[in-house]
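Asker: Can you keep this structure in mind? I'll have questions shortly.
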Amino acid sequence: MIRIVRTLFGLIFGWIASVVLGVLGRFHSDPMSNRVQRRTFVRNATLGAVGSTLAVVAAGFGGLMWPNKTGAFGSKLIVPADDVPPVDGVPFRNVAGKFYLIHNTDGLMALYTKCPHLGCTVPYVGPADSPHAFQCPCHGSMYDYEGDRTGGPAPRPMDYMTVTVEPDGSVMVNTGEIHTRESYDPSQTVKLA
């Protein structure tokens, strides 16, 4: 990427410089006046150095702001019907989508794997009936099977994503719609048909 930017910059800057120098060369009628004054040389050298530095910094900033990769997170992902967990079973984890698909007696829910405390990835560690089914390894925040906070420094429960059940039994999780909450509510789940 940087090579392309440097090549394009060189081509464009070289063409502009040749046009400007060609036009300036037409104004010199006296062959004895080819001597460049010191003040003019220093001014042109300074302007050239500053202009080149600004162009390189702008190209670097543009490269930094350009997205390097696109992934599954932020889009709608399909979980096949075979991967949907049974009621109170081990949650299905989608690493690319950054969610756990849980299935409790109320329905399906996709929990965001990011801890609301400081953003660590929260692993599933224990059975569904445990008050500490999810435990953050960074600072010790604990969550039950539905993602409600049961201990630790986290300010709220785990966030959840929008879930819809498709007619064929597969589940679509919209990882671009992340919702915060104060506590678990059965309306946050979707019934599996």
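This table checks each residue for (1) aliphatic (A, V, I, L, M); (2) crowded, with 20+ Cβ neighbours inside 10 Å.
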| residue | (1), (2) |
| --- | --- |
| Pro80 | no, no |
| Gly89 | no, no |
| Val95 | yes, no |
| Cys120 | no, no |
| Pro123 | no, no |
| Gly147 | no, yes |
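Asker: What are the residue pairs meeting all of these: first residue in the range 147-163, first residue of a type in the set (S, T, N, Q), second residue assigned to a strand (DSSP E or B), Cβ atoms under 7 Å, and 6 or more apart or on different chains?
Answerer: Cβ pairs passing all conditions: Thr150/Met142; Thr150/Tyr143; Thr162/Asn174; Thr162/Glu177.
Asker: Let me ask something else. Just for the range 149-171: of the residues that are surrounded by 19 or more Cβ atoms within 10 Å (Cβ to Cβ) and not aliphatic (A, V, I, L, M), which one is nearest to Tyr100 (Cα to Cα)?
Answerer: Tyr160
Asker: If I filter the range 125-145 down to residues being among the hydrophobic types (A, V, I, L, M, F, W, C) and without any contact (Cβ under 8 Å) to a residue 40 or more places away in the chain, which single residue comes out as surrounded by the fewest Cβ atoms within 10 Å (Cβ to Cβ)?
Answerer: In this case the residue turns out to be Val125.
Asker: Are any residues in the range 155-177 over 16 Å from Thr189 (Cβ atoms) and within 17 Å of the chain's Cα centre (by Cα), and if so, which ones?
Answerer: Thr175, Gly176, listed by residue number.
Asker: From the set of residues in the range 136-160 that are part of a strand (DSSP E or B) and out of contact with any Gly (no Cβ under 8 Å at 6 or more places or on another chain), which is nearest to Val79 (Cα to Cα)?
Answerer: Looking at the filtered set, the residue picked out is Tyr143.
Here, each number is a calculation from the coordinates, and none is a lab measurement. Being a predicted model, the structure only gives us computed values, none of them experimental. Here Cβ is always computed from backbone atoms with ideal geometry, including for glycine, and neighbour counts include all displayed protein chains.
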